[in-house]
Amino acid sequence: MLKTLAMVPTYNEKDNIQDLINDILNLDESIGVVVVDDDSPDGTSDIVESMRQKEPRIHLITRKDEKGRGTAGIKGLLYAIEQGVEYIVEMDADYSHHPKYIPDLIEAMQEFDVSLGSRAIEGGKETGRNFLRIGITQFAGWFIRMLMGVDVKDCTSGFRCFKAEVLQSIGLEKMVSVGPSIVEEILYACHLGGFKIKEIPIIFEDRTRGESTKTLGQYIETMVRIAQFRLTMKKPKKR
Ligand SMILES: Nc1nc2c(ncn2[C@@H]2O[C@H](COP(=O)(O)OP(=O)(O)O)[C@@H](O)[C@H]2O)c(=O)[nH]1
Ligand SMILES: [Mg+2]
């Protein structure tokens, strides 16, 4: 019986996905993986499908008609909830979110509802990225903390572990992010829900295989969306 599912959205990750899945599955028998691939032209889904046929802990969702990190993530998280696991880990496929940190994220579930891999607390850092990109991340973190009042240093981290009941309660199906702003939308919903969030230090290394899909437009959209979330998302009455 699976206790934890790692949800990995992918777009053109053929050079990473096989090693990543193996590294995750080798951590513990109770961990499985669900990959949500947007029918990547590089054949990522085919690689996962051939692995899936030999290993029941691997799940694959291939979306033919939809694209976007946000909607893919929502689909994968809802799928993970349906599987009845206790914990759901969300992570990128490119090894910036190294699987070796997953046990630390899960361990934090003893006391917290959400844990996240943090570049911004003592012991954590970001390497391999240029000054501009690190600067953008730091500015975004500051902007989000100011606007949302979230007591988290690395607000843009998409490497997280949730208790399944947290994700069940925050209204994932109503979320509006198509792209990467889903990371902040979920974080803010967890904050409004009053859930306890723990940061775990990670060394975030920029990808060495495959290419980032992030565009300048997506950064700008995320900033605008954050203001929108602040204005429109409300504290749940009770849970
Ligand atoms: N399913 C899906 N996954 C995506 C999409 N865009 C990015 N991803 C995945 O989301 C994760 C983060 O994307 P990445 O390009 O590394 O963003 P960056 O780390 O911010 O540069 C990776 O696992 C990507 O493969 C998309 O449109 N659909
Ligand atoms: Mg990346």
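Nothing in this text is a laboratory measurement; each read-out follows from the coordinates by a stated rule. These numbers were taken from a predicted model, which means no experiment stands behind them. Because the Cβ atoms are built from the backbone with ideal geometry, glycine has one as well, and the counts that use them run over all protein chains shown.
Of the residues Gly171, Gly158, Gly117, which exhibits the maximal mean-square fluctuation in a Gaussian network model of the chain defined by a 10 Å Cα contact cut-off?
Gly171
Say each of Gln83 and Lys174 gets a label point 7 Å from the Cα, pointing the same way as Cα to Cβ; how far apart are those two points in nm?
Here the modelled spin labels are 2.7 nm apart.
One-quarter of the Cα convex hull surface for region 1-135, in nm²?
Mean projected area of the Cα convex hull: 9.2 nm².
In debye, nearest 20, what is the charge dipole magnitude of the chain about its Cα centre with +1 on Lys and Arg Cβ and -1 on Asp and Glu Cβ, if you could check?
With only Lys, Arg, Asp and Glu charged at Cβ, the dipole is about 1040 debye.
Evaluate region 129-185: find the radius of gyration of its Cα atoms, find its Kirkwood radius, and give the ratio Rg to Rh.
Across region 129-185, the Cα-based Rg/Rh ratio is 1.01.
Taking the C-alpha atoms of region 58-161, how large are the radius of gyration and the largest Cα-Cα span, Dmax, in Å?
Cα only, region 58-161: 15.2, 42 Å (Rg, Dmax).
Could you check the spin-label model distance between Phe131 and Lys214? Points 7 Å from the Cα along Cα→Cβ, value in nm.
Computed distance between label sites Phe131 and Lys214 equals 1.8 nm.
Rounded to the nearest 500 deg cm²/dmol, what is the calculated helix-only ellipticity per residue at 222 nm for the chain, with -39500 (n - 2.57) per DSSP H run of length n ≥ 4?
Result for the chain, helices only: -11500 deg cm²/dmol.
Taking only the C-alpha atoms, wrap a convex hull around region 158-239 and report its volume per residue in Å³ as a whole number.
That works out to 123 Å³ per residue.
If you keep only loop residues by DSSP, which GluC sites (Glu not before Pro) in region 57-116 have at most 13 other Cβ atoms within 10 Å of their Cβ?
Here the sparse-neighbourhood loop sites are Glu66, Glu111.
Comparing Gly76, Gly135, Gly43, which has the greatest mean-square fluctuation in the GNM of the chain with Cα pairs linked when under 10 Å apart?
Comparing Gly76, Gly135, Gly43 in a Gaussian network model of the chain, the most mobile one is Gly135.
Please find, in a Gaussian network model of the chain (springs between Cα atoms separated by less than 10 Å), the residue of Ile106, Ile203, Ile136 whose mean-square fluctuation is greatest.
Ile136
Which whole number of Å³ per residue matches the convex hull of the alpha-carbon atoms in region 4-232?
Here the figure is 116 Å³ per residue.
Starting from the Cα coordinates of region 103-208, work out the convex hull volume and express it per residue in Å³.
116 Å³
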